[in-house]
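Derivation of every value follows stated rules applied to the coordinates shown; laboratory data play no part. Keep in mind it's a predicted model, so treat the numbers as computed, not measured. A quick note on method: Cβ atoms are made from the backbone with ideal geometry, for glycine too, and the neighbour counts reach across all protein chains shown.
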Amino acid sequence: MNPARGRVFLWHTTQYHYIYACMKLSPKSKLPNLETSIFTVMSQMAVKEKAINLSQGFPDFGADPELLDLYREAIADGYNQYAPMGGIFSLREAISEKTAALYGAVYHPEKEITVTAGATQAIYTAIASVVYPGDEVIVFKPAYDCYEPSVVAQGGIPVVLQLKGPDFRIDWDALRHAINPKTRMIMLNSPHNPSGTLLKAKDLLRLQEILRDTDILVLSDEVYEHLVFDHNTHESVCKYQDLKERSFICASFGKTFHVTGWKMGYCLAPEVLMREFRKLHEFVVFAVNHPAQRAIASYLKNPAHYQSLGSFFQRKRDLFLHGIKGSRFRFTPSEGTYFQLLDYSEISKSPDLEYAKTLTVNHGVASIPISVFNVNRADHHQLRFCFAKTDETLKRATEILAAL
Ligand code: PMP
Ligand code: GLN
């Protein structure tokens, strides 16, 4: 055989072996229907089209130089080896003090607080530690995209309930109806991504009553706890004793301190729940970034760093809303988070996925279509815009939006 044909023959044979091996080894997917996250899709589109990226939720400005200096110092001081499994004590102590000061709730730093690689890991680990195959987990939609896959990966069954009306309120009758002996957990998220609404004290009291005589657990995603506007308060589940006793609370320093890339967060839970959480945490990450923990522990000593966030982002929200005043977008001002929903139905009748694409490609502003987070992908012609951006970015974006 001539050498060139021999090489082609060899290549084909190798390919057949490779394809055969892939078919034989290809595992049954735990998440067969998972699509690329809308955050990735829209951020990639924004980069490709050189559009202003108000889609994925992250700031386009830097963190406080003081925090960055603390990180550099921690590295220079040699904190470059494994941290203790649950997190360094000084950080857990600072989290415990912050939680007590803000919500009057006591969490023991050693037994009830674990530092995690962002809220995403906290959420996954909490779900994985208590949800068994066949367990039902109630998820209110629109919901952040990691909840359902994390439940399905455990063999759990997400039971989805749509939030109702312009204020995205819980349908209490639907909730009562959905609860049954298989219900293992209810997922909450306030301040709420993507709607920017808040759960109020009356909501938590009502939920507390509904759950009182059950063994249903709660996972409360409170990553935007400090981003609350207009004299509203954040109602953490830990303010409600009966809810506290059955809840994992997941939080994110990435959101709080403009360092989403650090992937730092934590979980609060009563000892009996935290014990199970830690058993998985130990084998998911063992421990998280040591110098970042040192930096955040020092930074948290000054409460002004988180107390000022509400007014900081409220000013940004107002700048964004002022910029689109008089436009054909309709909206209710966001009560919390760094997201604002805009209804574009007076401008276009296109489905939201299509309109988000048009806005990015033809007008140069990227956003997030909301239908992907709704039950049955219901489309209410709403887009989510992230206003965690410099004033200059917000001005450029709103000039475009206001002219539509
Ligand atoms: N929950 C919600 C509601 C979020 O918006 C995000 C995005 N940051 C997360 C959890 C994940 O947080 P982290 O980046 O700390 O993993
Ligand atoms: N939390 C961010 C948002 O809602 C996205 C984070 C991510 O891309 N996973 O936009």
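Evaluate the charge dipole of the range 200-293 about its Cα centre and quote only its size in Debye, nearest 20, assuming +1 on the Cβ of each Lys and Arg and -1 on the Cβ of each Asp and Glu.
The dipole magnitude comes to about 180 debye.
About its Cα centre, what dipole magnitude does the chain give when the only charges are +1 on Lys and Arg Cβ and -1 on Asp and Glu Cβ, stated in debye to the nearest 20?
1080
Stretch SER348-ARG206 to full length: gain in nm at 0.36 nm per residue minus the Cα-Cα span?
Separation in residues times 0.36 nm, less the Cα-Cα distance, equals 47.2 nm.
Taking a cut-off of 20 Å between Cα atoms, list the lysines near LYS48, but don't count ones fewer than 8 places away on the same chain.
In chain and number order, the partners are LYS357, LYS389.
Taking R0 as 22 Å, what FRET efficiency do you get between VAL285 and ALA100 from their Cβ-Cβ distance, rounded to the nearest 0.05?
Plugging the Cβ-Cβ distance into 1/(1 + (r/R0)^6) gives 0.25.
Which of the lysines could a cross-linker bridge to LYS325, judged by Cα under 17 Å and excluding same-chain residues fewer than eight apart?
Those lysines meeting the cut-off are LYS316, LYS395.
Sorted from fewest to most neighbouring beta carbons within 10 Å, what does the list THR120, THR114 look like?
Ascending Cβ contact count within 10 Å gives the list THR120, THR114.
For the range 70-193, what's the relative contact order in percent, using C-alpha pairs closer than 8 Å and at least 6 residues apart?
Result for the range 70-193 is 20 percent.
Taking the Cβ of MET187 as the centre, find all other residues whose Cβ is under 14 Å away and add up their charges (Lys, Arg: +1; Asp, Glu: -1).
Around MET187, the surrounding residues sum to -3.
Normalized C-alpha radius of gyration of the chain, against 2.2 N^0.38 Å?
The reported ratio for this selection is 1.07.
Have a look at ILE324, SER37, LEU25 and report the one farthest towards the positive end of the charge dipole of the chain, computed about the Cα centre with Cβ charges (Lys/Arg +1, Asp/Glu -1).
It is LEU25, whose Cα lies furthest towards the positive end.
Among PRO142, SER348, VAL106, whose Cα projects farthest towards the positive end of the dipole of the chain, with charges put on the beta-carbon of Lys, Arg (+1) and Asp, Glu (-1)?
Result: SER348.
Compute the FRET efficiency between LYS164 and GLU245 as 1/(1 + (r/R0)^6), taking r as their Cβ-Cβ distance and R0 = 30 Å, and round to the nearest 0.05.
0.60
Sort 135-143, 164-172, 271-279, 75-83 by packing, meaning the average of other beta carbons within 10 Å per residue, with the highest value first.
135-143, 271-279, 164-172, 75-83
7 Å from Cα along Cα→Cβ at both ARG328 and SER308: what's the point-to-point distance in nm?
4.1
How much length, in nm to one decimal, is gained on full extension between HIS363 and ALA153, taken as 0.36 nm per residue of separation minus their Cα-Cα distance?
My answer for the length gained is 71.7 nm.
So what is the 222 nm mean residue ellipticity for the chain from helices alone, if each DSSP H run of at least 4 adds -39500 (n - 2.57) and you divide by all residues, rounding to the nearest 500 deg cm²/dmol?
About -13000 deg cm²/dmol.
Which Cα, out of ASN189, HIS177, LEU211, lies furthest along the positive dipole direction of the range 167-213 (beta carbon charges, K/R +1, D/E -1)?
Sorting the options by dipole projection puts first LEU211.
In percent, what relative contact order does the chain have, based on Cα pairs under 8 Å that are 6 or more apart in sequence?
Computed over the chain, the figure is 24 percent.
State, as an integer percentage, the relative contact order of the range 167-218 based on alpha-carbon contacts under 8 Å between residues 6 or more apart.
46
How much net charge surrounds PRO270 when only other residues with a Cβ under 10 Å from its Cβ are counted (Lys, Arg +1; Asp, Glu -1)?
Around PRO270, the charge tally is +1.
Once fully extended, how much extra length lies between MET85 and ARG396, figured as 0.36 nm per residue of separation less the alpha-carbon to alpha-carbon distance?
107.4 nm
Take each of the peptides 227-240, 59-72, 25-38, 357-370, average the number of other beta-carbon atoms within 10 Å over its residues, and list them starting from the highest.
357-370, 227-240, 59-72, 25-38
What number of lysine-lysine pairs in the range 83-236 show an alpha-carbon separation below 27 angstrom, given a sequence spacing of 8 or more or placement on distinct chains?
Counting lysine pairs in the range 83-236 gives 11.
Label ASP213 and ARG72 with points 7 Å out from Cα along Cα→Cβ: what is the distance between them in nm?
6.2
Starting from the Cα of ALA178, step 7 Å toward the Cβ, then list every residue of the range 127-149 with an amide N under 16 Å from that point.
135-149
Highest first, please rank the peptides 282-288, 342-348, 255-261 by the mean number of other Cβ atoms sitting within 10 Å of their residues.
The packing order, highest mean first, is 255-261, 342-348, 282-288.
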